[in-house]
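The values are calculated or read from the model by the stated rules, or taken from the named source; none is laboratory data. Source: prediction; values computed, not measured. When we count neighbours, we look across all protein chains shown, and the Cβ atoms used for this are built from the backbone with ideal geometry, even at glycine.
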Amino acid sequence: MFSDQHLHKLTSINSIERLLDFLRQELDWPLADGDVESLTFEYEPEDLGLKPEHAPKINRIYQIRSMTKDQPWGIFFIDFENKKLPITLMRRILNHLRVKNRSQAIQSWNAGDLLFMTTYGEEAEGMREVAFAHFHQQAGDLPTLNVFQWDAQDTEAKLKTTYQTLRGNLGWPADINDADAWRNQWRQPFKHKAGHTIRTAKGLAEKLAELSRQIRDRVNEVLAAETEKGPVTKLYIAFKGALIHDLKAEDFADTFAQTITYGLFSAAVSRRYPEEAGSKSLTTETI
């Protein structure tokens, strides 16, 4: 049951103290009711390999102390000054914490075993943007930063989904001795790259236009390659015969693309937010 109390706690994370309370009370992390100093290590930007010119962009950096002896995860909270999540700074911090730097004094982890919890942006309704971030790396590729984010201005439907995802995937694991299962559980929410979420009408319009162009170009390619018996060409011919007799192929492709794009968008909104006509925050995965 998602209550007003859960909503308040989810939209009140604006400090390390509030974050620790949320992790303890809502996600059942075994954090003692102590002060911040007893539960965390605090770092200066230079401790994590950042240059002095980057220091003004970071307010505070904390590492949450390990809660079990063999905890596979390194967990950090970073309060950024930036309006947007600074991906370049996150990569530099990652590079300093990765296993390849074992010669340094600070503990190191594999890239996939680091969990970052961040706040950034301008405060609205008592809360800044919150993003839990995780680097995913495939063999031969650079690590990709995936995020799970929210703020107080998201719709209640999205905040409910956010809370349920946090409870289901980032709650304390049932078996802390199964490190692989723990890793898999906590990695589940991180499916979207930073900047993936659409938060403005302009951004939505641009993404829909991009998708429509891609479909249009593909339809044009298919029409050029098909015979009159091809499925898309048969649809084009039927469209000409029933509606617009002088319709050109490129105009059909454009109409087809827009119909598919906005039809998919409408279906995505209805499926994801059945109680609402629209949403402030949609992801390109649902389009």
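State whether the residues of segment 22-31 include one that is at negative phi and touching a Gly at 6+ places or on another chain (Cβ under 6 Å).
Residues of segment 22-31 at negative phi: 22-27, 29-31.
Those still in the list that are touching a Gly at 6+ places or on another chain (Cβ under 6 Å) too: 27.
Yes, segment 22-31 contains at least one residue that is at negative phi and touching a Gly at 6+ places or on another chain (Cβ under 6 Å).
For segment 65-92, which positions are in a loop (DSSP other than H, G, I, E, B) and among the acidic types (Asp, Glu)? Walk me through how you get there before you give the answer.
Taking segment 65-92 first, the residues in a loop (DSSP other than H, G, I, E, B) are 65-73, 81-86.
Once the filter is applied, which keeps residues that are in a loop (DSSP other than H, G, I, E, B) and among the acidic types (Asp, Glu), segment 65-92 yields 70, 81.
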key: 3 or more residues under 26 Å from the mean Cα position of the chain (by Cα) and at pLDDT 85 or above: qualifying helices (runs of 4 or more DSSP H) within segment 147-256   = 156-169, 179-187, 201-225
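Kindly indicate whether any position in segment 190-212 is of a type outside the set (Lys, Arg) and closer than 26 Å to residue 31 by Cβ.
Yes, segment 190-212 has at least one match.
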message = Condition first: basic (Lys, Arg), assigned by the TED database to the domain that holds residue 155 and closer than 26 Å to residue 168 by Cβ. Can you find one or more residues in segment 77-92 that meet it?
response = no
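A quick yes/no check of all residues on (1) surrounded by 15 or more Cβ atoms within 10 Å (Cβ to Cβ); (2) in contact with a strand residue (DSSP E or B) (Cβ under 6 Å, 6 or more places away or on another chain):
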site: 139; (1), (2): no, no
site: 151; (1), (2): yes, yes
site: 156; (1), (2): no, no
site: 160; (1), (2): yes, no
site: 173; (1), (2): yes, no
site: 180; (1), (2): no, no
site: 189; (1), (2): yes, yes
site: 214; (1), (2): no, no
